[in-house]
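Notes follow once the structure below has been shown.
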Amino acid sequence: MTLHIALVGAESTGKSQLGLALLDHLNAQTRLRCALVGEYLREWCDREGRTPRSAEQRAIAQEQWRRAEAAAVAHDVVIHDTTPLMTAVYSEQLFDDASLYPFALDVQARMDATLLMALDLPWVADGQRDGPHAQQPTDRLLRRALRDAGLGYSLVSGTGPERLQQALNALGPLLRPRLGREDGLFGRLLQRGEQLGGDWRCELCDDPDCEHASRTAERLPRA
């Protein structure tokens, strides 16, 4: 079965950079066949020279998932930058339209891991983004959607190697069973899992995927 890893978060929070870093790291350290599915919305805006209208959002969300499904046919790991859930959030935020949530959350429930980007990176304008004022509202809607649907996530923060490390900490329990001792990542993930304990629980809740896990994992050896 293909492992699906979702990268979600507001604009300019490092989704694409982390996706590339994860892809490079897994390709270098494992024998897993890995694919990165880019954000179709960005491609759409570049092609059309504008942002989408409300009626165009559903087709964009569906194409994002179609591309991910196609990638899964020939790969062991698919990294999603990003998922239809982000399109649903933008539809609510920009058009007061919540009609995409049923489809988007159905897709999100198929993810094996969801990494939520923290709002701790400097804002970078690129001609498509609304501005830093939009980050907090997007983050609130995204967390609410995941919480209300009962879908867990792991918060990823920090810059550069630290951000990648937190992502690997969160993904360790999923990656470990798929790796062999020939894979360079196997031993380090095994060591980290033993130090965390096989049934780690946050001191503030009973959800092993909550964002406090990433902070605890920061103290563990680097992979």
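Observations, loosely collected:
- Listed from fewest to most Cβ neighbours within 10 Å, the set I5, I79 follows the order I5, I79.
- Note on C45, C34: ascending count of other Cβ atoms within 10 Å places them as C45, C34, the fewest first.
- Length gained on full extension, C45 to R66, computed as 0.36 nm times the residue gap minus the Cα-Cα distance: 5.8 nm.
- This model, with +1 at the C-beta of Lys and Arg and -1 at the C-beta of Asp and Glu, gives the stretch 1-135 a dipole about its Cα centre of some 320 debye.
Here, each number is a calculation from the coordinates, and none is a lab measurement. Bear in mind that the values here come from a model prediction, so they are computed numbers and not experimental data. Because the Cβ atoms are built from the backbone with ideal geometry, glycine has one as well, and the counts that use them run over all protein chains shown.
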